[in-house]
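Asker: One structure, as structure tokens, below. Some questions next.
Coordinate-derived values only; no laboratory data. The model shown is predicted, which means the values in this text are computed figures rather than measured ones. As a convention, Cβ positions derive from the backbone with ideal geometry for all residues, glycine included, and neighbour counts pool all protein chains shown.
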Amino acid sequence: MIQITPQMRVLVALEPTDFRRGMDGLAQQCRAALGEEPFSGAVFVFRNRQRTAVKLLVYDGQGFWLCHKRLSQGRFRWWPTETGRAAAPLRAHELQVLLCAGDPSATQAAADWRKVGT
């Protein structure tokens with residue numbers, strides 16, 4: 001079973017991906033397009049051109065997990081846009097919001113770490 005924890009790195013590919021790709025094709029895209037090592041344990045998030053589906057690729061130390069979610073209706077309205085980068089970081093709770101077709105930028109969760117006291 002895969003569990004996304006706050007300590008995991010989540011990287012969202014900014015450009016759409018050909019969803020005919022499987023594990024090996026997406027792992028190659030991690031290296032070539034994103035400049036990241038797919039065996040790092042990070043969660044890689046990809047979307048299709050129509051914004052109706054996402055795929056997650058994760059290496060857990062023994063093998064790859066490939067998760068695919070396709071919306072039965074509607075589209076993923078929010079997707080990060082940054083110039084000059086191939087991937088954008090996302091926090092674990094923001095990924096959960098994204099997977100529910102929500103807007104992670106609208107969440108008002110507390111920061112992952114903040115100084116307690118003065």
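Asker: Return the long-range amide H neighbours of residue 87 (sequence gap of 5 or more, or a different chain), with a cut-off of under 5 Å between placed amide H atoms.
Answerer: Excluding prolines and chain starts, which carry no amide H, the hits are 14.
Asker: Convert each backbone phi in the range 41-53 into a coupling constant with the Karplus relation 6.51 cos²θ - 1.76 cosθ + 1.60 (shift: θ = phi - 60°), then list the ³J(HN,Hα) values in order as whole Hz, x for Gly and Pro.
Answerer: x, 6, 9, 9, 10, 10, 10, 8, 5, 7, 6, 9, 8
Asker: Same structure, new question: So if each residue of separation counts as 0.36 nm, and I subtract the Cα-Cα distance between residue 78 and residue 106, what length gain in nm does that give?
Answerer: Computed gain between residue 78 and residue 106 is 9.1 nm.
Asker: Moving on to the next point. Please list, in chain and number order, the residues 5+ apart from residue 48 or on another chain whose amide H is under 5 Å from its amide H, with Hs placed from the backbone.
Answerer: Here 17, 53 satisfy the definition.
Asker: What translational diffusion coefficient, to the nearest whole µm²/s, does the range 60-111 have by Stokes-Einstein, given a Kirkwood radius computed over alpha-carbon pairs, a temperature of 4 °C and 1.567 mPa s viscosity?
Answerer: For the chosen part, D equals 98 µm²/s.
Asker: Please report, to one decimal in angstroms, the Kirkwood hydrodynamic radius of the range 10-106 built from all distinct Cα-Cα pairs.
Answerer: About 13.5 Å, per the Kirkwood formula over Cα pairs.
Asker: Can you list the HN-Hα couplings for the range 9-20, worked out from phi with the Karplus curve (6.51, -1.76, 1.60; θ = phi - 60°), rounded to whole Hz and with x for Gly and Pro?
Answerer: Once θ is set to phi - 60°, the couplings for the range 9-20 become 7, 10, 10, 9, 5, 6, 8, x, 10, 6, 7, 6 Hz.
Asker: Right, next: Among 40, 28, 104, flag the residue with its Cα farthest along the positive direction of the charge dipole of the chain, charges on Cβ as +1 for Lys/Arg and -1 for Asp/Glu.
Answerer: Selected residue: 104.
Asker: Can you compute the charge dipole magnitude of the range 10-106 about its Cα centre, using +1 on each Lys and Arg Cβ and -1 on each Asp and Glu Cβ, nothing else charged? Give it in debye, rounded to the nearest 20.
Answerer: In total the dipole reaches around 440 debye.
Asker: Students often check this: by mean Cβ neighbours within 10 Å, which of 70-79, 41-50, 91-100, 55-64 ranks highest, and how do the rest follow? Show your work: numbers first, answer last.
Answerer: Details: 70-79: 12.2, 41-50: 19.0, 91-100: 17.2, 55-64: 15.2.
Sorting 70-79, 41-50, 91-100, 55-64 by mean packing, highest first, produces 41-50, 91-100, 55-64, 70-79.
Asker: Moving on. Expressed as an acute angle from 0 to 90° and rounded to the nearest 10, what is the orientation of the C-alpha long axis of helix 23-32 relative to the principal long axis of the chain?
Answerer: The answer is roughly 70 degrees.
Asker: For the range 68-81, take each phi angle, set θ = phi - 60°, evaluate the Karplus expression 6.51 cos²θ - 1.76 cosθ + 1.60, and give the result in whole Hz per residue in order, putting x for glycine and proline.
Answerer: So the Karplus estimates, Gly and Pro as x, are 10, 10, 10, 6, 6, 8, x, 9, 6, 6, 9, 8, x, 10 Hz.
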